[in-house]
Amino acid sequence: MLDLHSPFAVTAGPRADYKMTVALKRLRHALITCELLPGHSYSEAELADRFGLTRAAVRVALATLAAEHWLSPQHRLGWEVTAVTGVLVGDVLRARGLLEPALAHVALHDSKYDALLGLAGIAPVLAKHDDRALLATLYDSERKVMETLAHTLGGMAARWLIEAWDQSTRIAYFFGLAGRYYRPPERESLLQALRRRDAATASAQIEAGLLQFEEYVTACLLTAPSPVAHVPVAPVPRRRGAARRPGKQAL
């Protein structure tokens, strides 16, 4: 049996662990914000130099991100960032459609409510602008609100939701490169419903948010150049009894 306490055991050490953590966080952010472009390939040396990281830390971070399907190794070509396709969009919509309705039953206490309401309150102001920096702030504030609710759920559901939202944010940044900017839904009404423990209204708010993102990506896919526009999007599961607008075509 391997003795991890042996003086001969090889360990990364606190400094190396810190460098790997920083590399993973920095590269994940670059992938989510499309600073590393979908479909493009990058070498370890290039990434280390670009972000001021060590090659060893970059290598470990890339292996972790590859296991999460953010990118994949390409022989002699470096690492290719996973493309944004209709299949990916459909998977994200399906995952969110299955997981987000659970947030309607979150118990929101006073200690969190006021702070979250303050974050949600800046959305209407930021959503009026096309400035990429302001939109990034809008995305971050909305994510903090939703991630706080997800952490209240805890367990695997929270982790899966955060993964789905990471991909949703990347999709929004990707289409934003072509000037198709996404404005997340306002979350004040959802927070107020949760504070009142009004699950029906909270469910309706969550459903409206899902529909808004679905309509956004549908419009983007219909006007996007190949190969994105030519990859079919899987149908999105709906909660039983959820209303759909008359004449709306499912993805």
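Quick check on the exposure proxy: order Val22, Val125, Val60, Val217 from fewest to most C-beta atoms within 10 angstrom.
Numbers: Val22 16, Val125 10, Val60 19, Val217 25.
Placing the least packed residue first, the sequence is Val125, Val22, Val60, Val217.
So what is the orientation-averaged projected area of the range 86-230, using the convex hull of its C-alpha atoms, in nm²? Could the numbers behind the result be given before it?
Details: hull surface 32.6 nm².
If I average the Cα hull's projected area over directions, I get 8.2 nm².
Going by how many other Cβ atoms sit within 10 Å of their own, how do Lys19, Lys25 line up, fewest first?
Working: Lys19 19, Lys25 11.
Going from sparsest to densest Cβ surroundings: Lys25, Lys19.
Placing unit charges on C-beta atoms (Lys and Arg positive, Asp and Glu negative, everything else neutral), compute the dipole magnitude of the range 13-81 about its Cα centre in debye, rounded to 20. Intermediate values should be presented prior to the final figure.
Working: 9 positive and 7 negative charges, 46 e Å.
With only Lys, Arg, Asp and Glu charged at Cβ, the dipole is about 220 debye.
Bin width 10 Å, origin at 0, all Cα-Cα pairs of the range 52-97: what percent of pairs per bin?
24, 42, 24, 10
What is the percent of Cα-Cα separations in the range 13-81 that go past 20 Å? Write down the numbers at each step before the final one.
On the way: 396 of 2346 pairs.
Within the range 13-81, distances greater than 20 Å cover 17 percent of Cα pairs.
Give me the number: length gained by fully extending His69 to Ser189, i.e. 0.36 nm times residue separation minus the C-alpha to C-alpha distance, one decimal in nm. Let's see the in-between values first.
Working: separation 120, 0.36 × 120 = 43.20 nm, distance 3.42 nm.
Gain in length upon complete extension: 39.8 nm.
Taking the number of other C-beta atoms within 10 Å as the exposure measure, put Leu65, Leu222, Leu191, Leu37 in order starting with the fewest. Could the numbers behind the result be given before it?
Numbers: Leu65 21, Leu222 8, Leu191 25, Leu37 15.
Going from sparsest to densest Cβ surroundings: Leu222, Leu37, Leu65, Leu191.
May I ask you to derive the FRET efficiency for Ala107 and Arg76 from their Cβ-Cβ distance with R0 = 51 Å, giving the value to the nearest 0.05?
Computed FRET efficiency for Ala107 and Arg76 comes out at 0.45.
Any read-out appearing in this document is the output of simple, stated calculations on the displayed coordinates, not a laboratory observation. The structure displayed is predicted, hence computed values, not measured ones. Note that we place each Cβ from the backbone using ideal geometry, even for glycine, and neighbour counts take in every protein chain shown.
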